1. Find all pairs meeting these conditions: Cβ atoms under 6 angstrom apart; at least six residues apart or on different chains; first residue within the range 147-173 and charged (D, E, K, R); second residue open to solvent by 10 Å² or more (accessible area, probe 1.4 Å).
2. Across the range 192-217, which residue is modelled with the lowest pLDDT among those that are closer than 16 Å to GLY16 by Cα and among the hydroxyl-bearing types (Ser, Thr, Tyr)?
3. Tell me which strands (runs of 3 or more DSSP E) are completely within the range 152-240 and hold 1 or more residues being touching a Pro at 6+ places or on another chain (Cβ under 8 Å) and open to solvent by less than 50 Å² (accessible area, probe 1.4 Å), or say none if there are none.
4. Looking at the range 32-86, which of the residues that are within 17 Å of the chain's Cα centre (by Cα) and among the β-branched types (Val, Ile, Thr) is farthest from GLY104 (Cα to Cα)?
5. Mind checking whether some residue in the range 32-44 is among the hydrophobic types (A, V, I, L, M, F, W, C), closer than 26 Å to LEU235 by Cα, in contact with a His (Cβ under 8 Å, 6 or more places away or on another chain) and assigned to a helix (DSSP H, G or I)?
6. Give the range 11-44 a look and list any residue that's more than 25 Å from TYR96 (Cβ to Cβ), touching a strand residue (DSSP E or B) at 6+ places or on another chain (Cβ under 9 Å) and loosely packed, with under 14 Cβ neighbours inside 10 Å, or say none.
7. Inspect the range 200-211 for any residue being in contact with a Phe, Trp or Tyr (Cβ under 6 Å, 6 or more places away or on another chain) and of a type in the set (Lys, Arg) and give the result as yes or no.
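The values are calculated or read from the model by the stated rules, or taken from the named source; none is laboratory data. Fair warning: this is a prediction, and the values are worked out from it, not measured in the lab. Here the Cβ is made from the backbone with ideal geometry for all residues, glycine too, and neighbour counts use every protein chain on show. All accessible areas refer to the heavy atoms of the entire protein, side chains included, with ligands and DNA or RNA removed. Shrake-Rupley method; radii C 1.70, N 1.55, O 1.52, S 1.80 Å.
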Amino acid sequence: MKRPHVVCHMMGTVDGRIQTERWSLSAAADAQYEAVHALHPADAWMCGRETFQGDFLEQKRDTAFSRKAKVPPGDFIAEEQKPSARTKAKTSPPVYAVAVDRAGKLRWESNAMRGDRLVVITSEKAPSGYLADLRAKSIPYLLGGKSQIDFRSALARLHRHFGIRKLMLEGGGSINGALLAAGLIDEISLLVCPFADGSRKLPTVFDAPESELKKKATALRFIAAKPRPGGVVWLRYNVG
């Protein structure tokens with residue numbers, strides 16, 4: 001089953017915490033996340049609902065959608081969005097922003113996210129009104145499972161329907177942990193910031209449910225460690 005090469009790209013403290021509210025990053029350190037991201041030429045980037053809700057949409061409350069709307073079953077991919085259509089039109093492929101919104105709680109403003117083409121991965125748990133809203137805004141979506149997301153299947157369809165070959169996984173900790181537990185992360189790109197947080201309540205780079213953990217921790221193979229401006233260290237590992 002073909003799927004994109006997945007790079008988990010994150011910024012955290014030396015103890016792995018990823019929420020930045022308690023940090024006092026210098027301008028140089030703060031710039032490193034996007035600077036290093038640019039060193040990874042990728043077709044897509046993916047985040048979970050809470051990351052989109054807090055960092056991109058600034059939507060404080062979940063949206064309540066109707067469950068009475070009528071929508072066709074299955075995935076929604078408009079013909080003009082498929083690689084074959086782009087080939088005929090001789091247009092270059094876009095970069096995709098992939099949002100994982102399992103229960104269908106976010107109201108998207110349009111089919112673009114910061115200039116990139118939005119794709120939603122959700123589940124059959126999402127209200128039909130949510131799916132109808134996506135269709136009305138020409139936002140393609142993939143149904144990833146009954147209530148939980150089958151990320152292996154979803155990644156394969158991202159590759160098949162949109163031609164995505166390399167995907168940057170960018171949190172939060174729960175979605176990172178789910179893909180790690182499923183063996184779907186190929187590389188880790190971690191920016192370690194000069195802070196130690198210590199909070200037990202904050203998410204970490206990987207927060208997989210205990211039920212999904214393997215008997216042994218996932219082994220990593222060292223690629224490189226490079227100092228970056230602002231006291232940041234960029235660590236790279238292959239997974240497995």
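1. Matching pairs, first to second residue: ARG165/ASP43; LYS166/HIS5; LYS166/ALA42; LYS166/ASP43; GLU170/TRP45.
2. Step by step, filter the range 192-217, then rank; the result is SER199.
3. Per the criteria, 166-169, 232-239.
4. VAL36
5. Checked against the condition, which is being among the hydrophobic types (A, V, I, L, M, F, W, C), closer than 26 Å to LEU235 by Cα, in contact with a His (Cβ under 8 Å, 6 or more places away or on another chain) and assigned to a helix (DSSP H, G or I), the range 32-44 yields at least one hit.
6. Scanning the range 11-44 gives VAL14, ASP15, ALA28.
7. The first filter runs over the range 200-211 and keeps only residues in contact with a Phe, Trp or Tyr (Cβ under 6 Å, 6 or more places away or on another chain), leaving none.
Taking every residue of the range 200-211 in turn, none turns out to be in contact with a Phe, Trp or Tyr (Cβ under 6 Å, 6 or more places away or on another chain) and of a type in the set (Lys, Arg).
Residues checked against (1) of a type outside the set (Asp, Glu); (2) in contact with a Gly (Cβ under 9 Å, 6 or more places away or on another chain):
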| site | (1), (2) |
| --- | --- |
| VAL100 | yes, yes |
| ALA103 | yes, no |
| ALA112 | yes, no |
| GLY115 | yes, no |
| VAL120 | yes, yes |
| GLU124 | no, yes |
| ARG135 | yes, no |
| LYS146 | yes, no |
